[in-house]
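**Q** Let me begin by handing over the structure; questions about it come next.
The values are calculated or read from the model by the stated rules, or taken from the named source; none is laboratory data. All figures in this text were calculated on a predicted structure; none of them were measured in a lab. All Cβ positions, glycine included, derive from the backbone under ideal geometry; neighbour counts span all protein chains shown.
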Amino acid sequence: MRKDRLLLVLLLTSFALLGAECRQIGQKDKEERKLPQRALAVSSLLRTYYDTITTPAGMYDLKIPEDKDDLAKNGPLEIEFDMGDTIVVNDVRVRLRIAPPPSGNGADCELQCRVIAPDGTTAPWRDLDLATDDIVRAGAEMIFLNEFDGVLSGGKWKVQLRDAADDNDGRCVFRNGTLRLNLGEDGTLSNNVNETASVPLTSTSFSYIREMAGVRDLGDWGHFGLTDRPLRTEFTFTGPSFFVRSFQLIFSLKLPLGVAPDEDIYMLLVAPNGAWQFLRPTSLLVTATFDYGTFRLNTYSFALNSSGITGPSFPFRGQTSSGTWTLYLWDVKYDNNIGYFSPDELRIVSTPDGMGGFIDVLTEFPDTPPRLILAGVN
């Protein structure tokens, strides 16, 4: 009997803790769902809220409050990040993945964000640019350059979100977030380093790209965005770890001629700890293309670098290189035009023309798998 009572107390305590962590606003969901796995800290200065890779089939809608009575009673939505060390802070950045209201794209939502340091230092509320016209930003970043200068990094940092206007234009939903102190890099770093990882030719990644669409918007992720598992491709880095400052992703897609890659194909690159970046295979990234009957093979090169102090930071800056980086691909248009992730690569190569000059020739390199190149410092 004593064991049964103890088990019941533990179960009730677990439910209470689960509810306390995720229900930080007054409104309950119609259906209770399990929270996703929390992401591991990359370093003492960088933490992502949820592990994007392990987002389950069901999770809570963490709604950003808009109603003034709700705000007065329960306060804004508050996300907590436990940061380590006792390093003096000189730069604070919050990157947020927010889904728009079901009825709109979020451009008209008056979202605001502020950060509270462990010692109580509080930044003023600032407007969060979630969307411009009909384009929802996959990762909106708030930059606090001076508000926290001199604060020590260790302790519980709080990020608060609210919709400042009580105008019933729909409640946005928090999906994921990253807190980055001092750009995520611990100490003074000067040694440049890079590493390349390729997909093994025996990988099952070379398969068709499933057709599926998000519920809220095409780039949404998890239970709300995808009803099936997208194509998953892994790049594993085993060399000495370093802080990432840029990457280059080279890959090929073999798609039916009726497929518009710019519109149909969505990609998500996820770091080993769960940090994320949505990508689109736009025509600007095509390095070579060739038609095979009713199919077209495109080779893409996607590069993203670290930015200046006042501009939005590179999404993976401060991430450590070692571990498995995961690329997901899916087709957001249901039309039975099925495409493939290809192990073949096209390149434009300059060759001698026999008259002392050179001519550009399209060359195919079979069995040249996609590769991810990380560069940074240690």
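**Q** Looking at (1) part of a strand (DSSP E or B); (2) at pLDDT below 90; (3) among the acidic types (Asp, Glu), can you tell me which one ASP217 breaks?
**A** (1)
**Q** Next up: Determine which single condition VAL173 fails, assuming it passes every other condition in (1) in contact with a Lys or Arg (Cβ under 7 Å, 6 or more places away or on another chain); (2) assigned by TED's automatic domain parsing to the domain that holds MET267; (3) within 29 Å of SER43 (Cα to Cα).
**A** Among (1) in contact with a Lys or Arg (Cβ under 7 Å, 6 or more places away or on another chain); (2) assigned by TED's automatic domain parsing to the domain that holds MET267; (3) within 29 Å of SER43 (Cα to Cα), VAL173 violates only (2).
**Q** Can you find even one residue in the range 58-81 that is within 23 Å of SER313 (Cβ to Cβ), at pLDDT below 70, part of a loop (DSSP other than H, G, I, E, B) and of a type outside the set (D, E, K, R)?
**A** no
**Q** Would you confirm, using the coordinates I've provided, whether ASP85 is in a loop (DSSP other than H, G, I, E, B) and either at pLDDT 90 or above or of a type in the set (Val, Ile, Thr) (or both)?
**A** Yes; evaluated as a whole, the condition is true for this residue.
**Q** How about the range 321-370: which of its residues are surrounded by fewer than 11 Cβ atoms within 10 Å (Cβ to Cβ) and touching a Pro at 6+ places or on another chain (Cβ under 6 Å)?
**A** ASP367
Yes/no matrix, rows are residues, columns are (1) surrounded by fewer than 16 Cβ atoms within 10 Å (Cβ to Cβ); (2) under 21 Å from the mean Cα position of the chain (by Cα); (3) assigned by TED's automatic domain parsing to the domain that holds PHE144:
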residue	(1), (2), (3)
ARG162	no, no, yes
ASN168	yes, no, yes
THR202	yes, no, no
PHE206	no, no, no
GLU211	no, yes, no
GLY214	no, yes, no
ASP220	no, yes, no
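**Q** Still on this structure, I have one more. Of the numbered conditions (1) of a type outside the set (Val, Ile, Thr); (2) outside the structural domain of ASP61 (by TED's automatic domain parsing); (3) within 30 Å of LEU45 (Cα to Cα), LEU145 fails exactly one; give the number of that condition.
**A** Of (1) of a type outside the set (Val, Ile, Thr); (2) outside the structural domain of ASP61 (by TED's automatic domain parsing); (3) within 30 Å of LEU45 (Cα to Cα), only one is false for LEU145: (2).
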